[in-house]
1. How large is the accessible surface per residue of region 324-427, computed with a 1.4 Å probe and reported in Å² as a whole number?
2. Most fluctuating residue of G69, G239, G317 in a GNM of the chain with Cα springs under 10 Å: which is it?
3. Please give, to one decimal in nm, the separation of the simple spin-label points placed at S122 and T71, each 7 Å out from Cα toward the Cβ.
4. Okay, helix-only estimate at 222 nm for the chain: each DSSP H run of n ≥ 4 adds -39500 (n - 2.57), divide by all residues, round to 500 deg cm²/dmol; what do you get?
5. Distance check, please: which entries in K262/K302; K219/K302; K70/K219; K70/K302 exceed 25 angstrom between their Cα atoms?
6. Tell me, how many Å apart are the Cα centres for region 302-321 and for region 82-144?
7. With springs only between Cα atoms under 10 Å apart, run a GNM on the chain and tell me which of R112, R31, R83 wobbles the most.
8. Just the number, please: carbon plus sulfur as a percent of the accessible area of region 363-424, 1.4 Å probe, no ligands or DNA/RNA counted.
Amino acid sequence: MNAEALSAPRLDDADALNADMGARARAAAKRLAVATTEEKAAALRAAAAELRAQAAAILDANARDMAAGKTAGLTAAMLDRLRLDEGRLGAIADAVEAVAALPDPAGQTIDRAVRPNGMELSRVRVPLGVVGIIYESRPNVTADAAALGLMSGNAVILRGGSEAVHSNRAIHAALAAGLAETGLPADAVQLVPTQDRAAVGALLRAQGLVDIIIPRGGKGLVARVQDEARVPVLAHLDGINHLYIDGAADPAKAVELAVNAKMRRTGICGAIETILIDRAYPAPLGIVDALVAAGCEVRGDKDIAALSPHADPASAGDWDTEYLDAIVSIALVDGLAGALAHIDAHSSRHTDAIVTEDKAAAERFLSEVDSAIVIHNASTQFADGGEFGLGAEIGIATGRLHARGPVALEGLTTYKWLVRGTGQVRP
């Protein structure tokens, strides 16, 4: 047994394991903070090449996770989030390369000013340091988080869900190989090597080792992180997203957007869970029928349930449920004011959209809906960092502090003030 193996912490000692990973991540973060843009980009290009070169091993590992997930009874939507194929793995590698081509935020000057006494002040973007990311189901997060962390100059400690354990390990191995090729420290991207829940608790208590925690998963995971964390948390809450079909909506556009926003991929956080239809809209039954034809279960308020034999009565809890499945709740509302009131009461502040040809109604909706992403005449399934031109995302932040919406490179930086003087003293 070599010396490294002898000194490695035991996997069942969560605090020691976390202290070891945190110390190595902190050392790697110092190196990344001074790495050049080209060094970081070269490492990501090498990582993307390794993802493609190790595709067979990654897909084999994913097949093991898929088999275990089916045995465990994961829903179809959860299995869809977990599944990799050649196309999806290729898209993951493409996303890593896309991040390498983005402007490097580290070192960017946000603004500059000269004070009356001649002192020059500037605010400059700097990395957060060590970012802990806890996530479920989706193995692409392993690559996205690593790429965004590296390019923004942060070291990352990743803790994926047990349902994707083999996929995450295979993807991490490819990423580590890419880093090794280019000379940046492999400790810049670490994957927690155990699925013991105690390891999550240790990560949440890692004051001084971890600078911020980003949870990406269901409400239960986020609630635990927010309850137990002793370090700052950038929360990605559930996506109880709404599509409001205004009385002035184009019917063909409304049908297409409703079906796409719900059914393109039901298990992603940008999928809608509730449709609100203005009582003045002329064809509400067309919306219901199109969704039913697409394979969606409809739960309606008393008006929708009376209108369509395909709609089951909605319960009070349906308006606050993230289905992540082919289920949608639909209600008739009294115009824009009714839609705004419902969204204010039930939205998780993730993504909400309006379909209308009335520009004034659209602008009022965009202005008054207090969500991270607010959309006019487009599908909520565009709520994604890649679609926003950010290369990838860590998640959609729904809070108000530090970052909001898709969290990508800029969201993984903070800033410091630089003051340049010529001998000024304060009177």
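The values are calculated or read from the model by the stated rules, or taken from the named source; none is laboratory data. Bear in mind that the values here come from a model prediction, so they are computed numbers and not experimental data. Here Cβ is always computed from backbone atoms with ideal geometry, including for glycine, and neighbour counts include all displayed protein chains. Accessible surface areas use protein heavy atoms only, side chains included; no ligands, DNA or RNA. Shrake-Rupley method; radii C 1.70, N 1.55, O 1.52, S 1.80 Å.
1. Numbers: 4870 Å² over 104 residues.
Result: 47 Å² of accessible area for each residue.
2. Between G69, G239, G317, it is G317 that shows the largest mean-square fluctuation.
3. Label-label distance for S122 and T71, simple model: 5.8 nm.
4. Per the formula, -13000 deg cm²/dmol.
5. Working: K262/K302 21 Å; K219/K302 28 Å; K70/K219 22 Å; K70/K302 37 Å.
Distance filter (> 25 Å) returns K219/K302; K70/K302.
6. When both Cα centres are located, 42 Å separates them.
7. Sorting by GNM fluctuation, first place goes to R112.
8. Numbers: 1510 of 3100 Å².
In region 363-424, the share of accessible area belonging to carbon and sulfur is 49 percent.
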